[in-house]
Every structure is written in structure tokens, then in C-alpha cells.
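The values are calculated or read from the model by the stated rules, or taken from the named source; none is laboratory data. What you see is a predicted model, and the numbers here were worked out from it, not measured in a lab. Here the Cβ positions follow ideal geometry from the backbone for every residue, glycine too, while neighbour counts run over all protein chains shown.
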Amino acid sequence: MWPWTRREPAEDNLRTRVADLEADHRRLRVEWQDILDRLLRMDERQRKRAERAETPEPPLDTRAARKAALRLRVQEQRRA
């Protein structure tokens, strides 16, 4: 190790133990918050997929569909 990065062993007293525990606690909170955010995003995507699956898609307004609708109207008028 380089001399300027070498760390002396920390004193083993109550303050250092509490500081270590607080650091671990913060790290765990951040990690679990990240996991919770990921799960919530997955849940939101699943809910949106379910909503899209429930709503029927509107019919496509294509040229062929308009032509077919026009033919049906003309045929109905001829019958009447």
C-alpha cells in the first residue's frame, strides 16, 4: 500500500463501533430503498400492462376499412 493511503487501525472503542454500525445502517437503508424502488416500478409496469390488456384497441382507421364500411352502406341502401 502507498504510504498516503495507509490507514492506521481504528481504535476499538464505543464511538468507532457506533460509527461503524451507523455507516452499515445507512448503507443497508440505501440498498433496500433501491430494491423497493425497483419493485414498485415493476409493479407499476405490470399494472399498466393489465390496464392496456383490459381496454380494447380501437379499430384501425385504414383505407381498406373505410372502403369496406362504404361498400356495406351502399349495399344496405340498395336493399332498402
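Key figures
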| quantity | calculated |
| --- | --- |
| Condition broken by ALA69, with the remaining ones in (1) at pLDDT 90 or above; (2) surrounded by 10 or more Cβ atoms within 10 Å (Cβ to Cβ) satisfied | (1) |
| Residue within region 26-46 that is aromatic (Phe, Trp, Tyr) and surrounded by 10 or more Cβ atoms within 10 Å (Cβ to Cβ) present | yes |
| GLU57 vs. criteria of a type in the set (Asp, Glu) and at pLDDT below 90 | yes |
| Failed item, numbered, when ARG6 is tested on (1) exposed (fewer than 10 other Cβ atoms within 10 Å of the Cβ); (2) assigned to a helix (DSSP H, G or I) | (2) |
| Meets criteria (out of contact with any helix residue (DSSP H, G or I) (no Cβ under 8 Å at 6 or more places or on another chain), among the aliphatic types (A, V, I, L, M) and surrounded by 10 or more Cβ atoms within 10 Å (Cβ to Cβ)) for ALA80 | no |
| Options ALA50, ALA69, ALA23, ALA65: the member that is in contact with a Pro (Cβ under 7 Å, 6 or more places away or on another chain) and either on the phi < 0 side of the Ramachandran plot or in a loop (DSSP other than H, G, I, E, B) (or both) | ALA65 |
